[in-house]
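One structure is given below, encoded as structure tokens.
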Amino acid sequence: MKNRIRIDTVKQANELAAIATGLEGKITITDGRGLTVNAKSVIGALHAMEFDELWLESENDIYMAIEPFIIIEPPATENII
């Protein structure tokens, strides 16, 4: 499972790390260019705040647990002639 997320504050980084710690399996935050940190680590979540974009990857479906952090992007619009 891979979802684009947003972390804007230290409080949010702490909350995400606490949620991730309570979940099963490996959970990482990546930047789309190969940089990866452990989402279960407060230090990792804080470091990820410096990434250009954040993607949370997990072995399991954890959508409901991390829903407050997920960025929902609108569907791409097509030019209709």
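Do you know which of the residues in the range 4-25 that are of a type in the set (Lys, Arg) and within 13 Å of the chain's Cα centre (by Cα) is farthest from residue 62 (Cα to Cα)? Only one residue fits best here, namely 6. Scanning the range 41-74 for residues that are in a loop (DSSP other than H, G, I, E, B) and under 17 Å from residue 11 (Cβ atoms) gives 41, 49, 50. Evaluation of residue 40 against the conditions (1) charged (D, E, K, R); (2) surrounded by fewer than 11 Cβ atoms within 10 Å (Cβ to Cβ); (3) modelled with pLDDT of 95 or more shows that the sole unmet condition is (2). The residues of the range 8-34 that are assigned to a helix (DSSP H, G or I), closer than 15 Å to residue 67 by Cα and aliphatic (A, V, I, L, M), listed by number, are 13, 16, 17, 18, 19, 20. Among the residues examined, residue 21 does not qualify as β-branched (Val, Ile, Thr), touching a strand residue (DSSP E or B) at 6+ places or on another chain (Cβ under 8 Å) and modelled with pLDDT of 95 or more. Residue-level check: of (1) over 9 Å from the mean Cα position of the chain (by Cα); (2) touching a residue at least 60 places away in the same chain (Cβ under 8 Å), residue 47 misses just (2).
Out of 43, 5, one residue alone is hydrophobic (A, V, I, L, M, F, W, C) and farther than 19 Å from residue 71 by Cα. It is 43.
The values are calculated or read from the model by the stated rules, or taken from the named source; none is laboratory data. None of the values given here were measured: they were computed from a predicted structure. Don't worry about glycine lacking a Cβ; one is built from the backbone with ideal geometry, like all the others, and counts go over all protein chains shown.
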